[in-house]
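Asker: Please read through the structure below; I'll follow up with questions.
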Amino acid sequence: MVLNVDNQLFIFLLKLAAKPLGTIHGQFSFPASGGTAGLFFATAVQRLNCLISFQIFTGEVYNDERLTKGGRDVIETKASIIIEDFSALGQISLVAATTILQAMGITTALLPATVLSTQTEGFATPVALDTTNWQQATAQHWAQLQLPFQGALVGYLGSAQEVHTVRQIIRDLTPNQLVVDPVMADQGCLYPGLPATYPAALCDLCRDATVLTPNWTELCLMTGQSISEPNPEDCLHMAKLLHQSGITGQLVVTGIHQDGRIGSWLVHGDQLLFSGADYFPGHFYGTGDCFAALLYGYLTRGSKLHTAVDQATQALAVAVKETAAVPMGERLLGMQLKKLVTYLTREK
Ligand SMILES: Nc1ncnc2c1ncn2[C@@H]1O[C@H](COP(=O)(O)OP(=O)(O)O)[C@@H](O)[C@H]1O
Ligand SMILES: Cc1ncc(COP(=O)(O)O)c(C=O)c1O
């Protein structure tokens with residue numbers, strides 16, 4: 001319960017208590033204990049001599065000289081913009097990426113691309129909430145605040161319209177690096193609910209990417225090639241096709257089996273550099289999301305791309321091993337991240 005206190009003596013005492021913090025005026029609301037709680041609060045504030053701006057229930061603001069007129073100090077931390085679906089259940093996409101990047105000590109700026117009740121595979125049709133208007137308004141707010149951004153990571157977006165929105169947002173916020181995981185397909189098929197026009201829409205966004213992490217099916221769809229078995233010759237050919245179409249970011253193709261291991265090919269000129277780890281039988285959901293987040297994280301920490309791919313592959317293997325130990329049906333919830341978080345927080 002909130003009680004309105006309109007008591008001249010109380011306001012006088014509160015002004016006195018808060019004097020070191022600047023000017024206050026008007027009418028205040030405090031919890032049921034009323035004047036006593038208010039006085040206690042004001043005295044505590046005075047004792048702490050807080051150098052912050054804070055708001056009391058009614059919206060009255062204390063201003064401190066150190067704060068700018070806009071109401072905040074300059075923020076120097078460069079946040080990372082993460083744009084992908086927020087699937088409410090389990091550890092898919094934005095939930096996994098946020099967990100990983102926070103464990104790596106990276107400040108995130110989240111723009112959920114769509115809010116889903118579940119991921120799109122294995123749970124029938126998820127309930128979806130379109131976030132386009134909110135995303136645009138939030139990006140505009142961030143631009144007005146002139147916040148600095150280190151980079152952006154883009155994953156599953158879910159509609160061609162959303163892809164266009166995201167492209168515009170990225171152009172407005174100008175992050176230094178853009179890692180795009182063109183999430184749309186696996187094992188030869190587009191994910192449920194995505195239209196056949198989706199790959200072309202995604203290619204537009206990929207033109208702005210500095211690093212791309214498609215799996216083999218996604219690479220084939222992006223280049224309009226029929227879906228083959230992964231092989232080096234086709235991979236290099238498709239890398240050239242992408243380049244010719246204006247997609248010039250560095251290419252890391254995931255889900256590659258080589259020498260009894262599984263990992264990715266980093267396209268380096270006419271060479272393919274393989275990074276791999278132990279293969280665990282069966283399909284895992286959300287490995288691609290986690291790989292892209294880890295790769296983004298290591299790049300942000302300053303690793304060169306080849307090193308970052310190796311680091312991401314080894315870190316991901318920790319989560320794959322943990323997830324392999326849970327019953328197969330549970331894998332639909334995404335990757336188990338507990339051990340990976342410990343691994344990441346222990347890293348220097
Ligand atoms: N069965 C598996 N065993 C071990 N690691 C795997 C397995 N499946 C995927 N990974 C790891 O996850 C990475 C991304 O997986 P991939 O299936 O290509 O992603 P996506 O989810 O985008 O299809 C792979 O390059 C590999 O490092
Ligand atoms: C909503 C959603 N986001 C993300 C993904 C990405 O999963 P993965 O990392 O396995 O490509 C999926 C896969 O089905 C999905 O449905």
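The values are calculated or read from the model by the stated rules, or taken from the named source; none is laboratory data. It should be emphasised that the depicted structure is a prediction, and the values quoted were computed from it without experimental measurement. All Cβ positions, even for glycine, are placed from backbone atoms using ideal geometry, and neighbour counts span all protein chains on display. Heads up: the accessible areas ignore ligands, DNA and RNA and are worked out on the full protein's heavy atoms, side chains in. Shrake-Rupley method; radii C 1.70, N 1.55, O 1.52, S 1.80 Å.
Asker: So, counting K/R as plus one and D/E as minus one, what does the shell of residues with Cβ under 12 Å around L212 add up to?
Answerer: That works out to -2.
Asker: Another one. Can you give the charge dipole size of segment 70-203 about its Cα centre, rounded to the nearest 20 debye, using +1 on the beta carbon of Lys and Arg and -1 on the beta carbon of Asp and Glu?
Answerer: 240 debye
Asker: Using the structure shown, select from K240/K338; K78/K321; K240/K348; K321/K348; K78/K338 the pairs with a Cα to Cα distance greater than 31 angstrom.
Answerer: Correct reply: K240/K338; K78/K321; K240/K348.
Asker: Just order 172-180, 89-97, 313-321 by mean Cβ neighbour count inside 10 Å, highest at the front, would you?
Answerer: 89-97, 313-321, 172-180
Asker: Once the Cβ-Cβ distance between C189 and T307 is put in as r, and R0 is 35 Å, what FRET efficiency do you end up with, to the nearest 0.05?
Answerer: 0.60
Asker: Work out, step by step, the length gained on full extension between A196 and M328: first 0.36 nm times the residue separation, then minus their alpha carbon distance; give nm to one decimal.
Answerer: 44.5 nm
Asker: Also: Of the heavy-atom accessible surface of segment 152-219 (probe 1.4 angstrom), what whole percent is carbon and sulfur?
Answerer: 50 percent
Asker: Ignoring ligands, DNA and RNA, what accessible area per residue does segment 79-346 give at 1.4 Å, in Å²?
Answerer: Counting only protein heavy atoms, the per-residue value for segment 79-346 is 43 Å².
Asker: Stretch D172-F284 to full length: gain in nm at 0.36 nm per residue minus the Cα-Cα span?
Answerer: That pair, D172 and F284, stretches by 36.8 nm at full extension.
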